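Let me begin by presenting the structure, written as structure tokens, before commenting on it.
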């Protein structure tokens, strides 16, 4: 019997999973846009994004646009690979559950 | 062994991924207004060139329309992140706009501008841009506009000055003004629907 895959704990958190999925569809996204799409609080969102950044799954760019601070998040290649592997692992686990 | 509860949890994760990817890619950008604006700009340029007999009519009106489009677009773009599809559409229309402007300006300055050739060229360019956009966006209505522009270009090559002018004016009306208003209504409807769905999911 083949061994079941482990789910990546960094991505497995619901908010972190939602954030990576959102970022996979856009070039880059602002903090405020991510907050609106996830309905999360500033503190929680910032903490989860920091974990994704520490894992090397997102990069952060801070800049000023018309004198207003703007924080932009971009998914890295490692983040894209991790999300793809996570989806494959999920499907494999679900396949195993259906077969059981 | 995966239990039913765990299986349900895994399915929820998969649904979350699909929903969020679709949400990120969902374009909330509104472009219906730009079709109306450019349709009006064409009418202004035609009226100015016809009754004002000015060689500046087309270049000045087109530059003004381009500047207005840039201002309105930059105001809207800050609200949404850039997507690959959005950039592809922008690339198509920018390339079409620059090509048309350069060729029409050159023909106008060289004194070789001629009604049938101009309508055929504009019809071909707008047909190409609308067709490419409609294929990327999977929007049949826009492809119908592309067909109408191609038809206007082809008809213009065979008919009299009067018929060519009427066909061109009709194509502007249906493919710019009517299509633009239809686009604005569709965008407003989609926006309302999305807000309602978001309200339901956050409840």
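Going by the structure shown, is residue A:49 in contact with a strand residue (DSSP E or B) (Cβ under 9 Å, 6 or more places away or on another chain) and without any contact (Cβ under 8 Å) to a residue 40 or more places away in the chain?
Values: in contact with a strand residue (DSSP E or B) (Cβ under 9 Å, 6 or more places away or on another chain): yes; without any contact (Cβ under 8 Å) to a residue 40 or more places away in the chain: yes.
When the stated conditions are applied, residue A:49 passes them.
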Check: In region A:1-46, how many residues are surrounded by 15 or more Cβ atoms within 10 Å (Cβ to Cβ), out of contact with any helix residue (DSSP H, G or I) (no Cβ under 8 Å at 6 or more places or on another chain) and in a loop (DSSP other than H, G, I, E, B)?
Finding: 1
Margin query: Just checking, does region A:62-74 include any residue being out of contact with any helix residue (DSSP H, G or I) (no Cβ under 8 Å at 6 or more places or on another chain) and in a helix (DSSP H, G or I)?
Written below: no
Checklist line | Those residues of region A:54-100 which are within 13 Å of chain B (Cβ to nearest Cβ), farther than 19 Å from residue B:82 by Cβ and without any contact (Cβ under 8 Å) to a residue 40 or more places away in the chain, in sequence order | finding: A:84, A:87, A:91, A:94, A:95, A:97, A:98, A:99, A:100
Checklist line | Number of the condition not met by residue B:113 [criteria: (1) in contact with a helix residue (DSSP H, G or I) (Cβ under 6 Å, 6 or more places away or on another chain); (2) part of a helix (DSSP H, G or I)] | finding: (2)
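Tally the residues that are more than 17 Å from residue A:10 (Cα to Cα) and at the interface with chain A (Cβ under 7 Å from one of its Cβ atoms), restricting the search to region B:1-10.
To start, the set of residues in region B:1-10 that are more than 17 Å from residue A:10 (Cα to Cα) comprises B:1-8.
Keeping just the survivors that are at the interface with chain A (Cβ under 7 Å from one of its Cβ atoms) gives B:1-2, B:7.
Total meeting the criteria: 3.
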Margin query: Please determine whether any residue of region A:26-45 is under 21 Å from residue B:12 (Cβ atoms), within 12 Å of the chain's Cα centre (by Cα) and touching a residue at least 40 places away in the same chain (Cβ under 8 Å).
Written below: no
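Condition check: under 9 Å from the mean Cα position of the chain (by Cα) and more than 25 Å from residue B:86 (Cβ to Cβ). Does residue A:50 satisfy that?
Values: under 9 Å from the mean Cα position of the chain (by Cα): no; more than 25 Å from residue B:86 (Cβ to Cβ): yes.
Judged against the criteria, residue A:50 is not a match.
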Next item on the list: Identify, from the list B:24, B:32, B:39, B:66, the residue that is surrounded by 14 or more Cβ atoms within 10 Å (Cβ to Cβ), closer than 30 Å to residue A:21 by Cβ and away from chain A (no Cβ under 14 Å).
Entry: B:32
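Each value in this text was obtained by applying a stated rule to the coordinates, not by laboratory testing. Bear in mind the structure is a predicted one, so any value in this text is a computation, not a measurement. With ideal geometry, Cβ positions are generated from the backbone for all residues, glycine too; neighbour counts draw on all protein chains shown.
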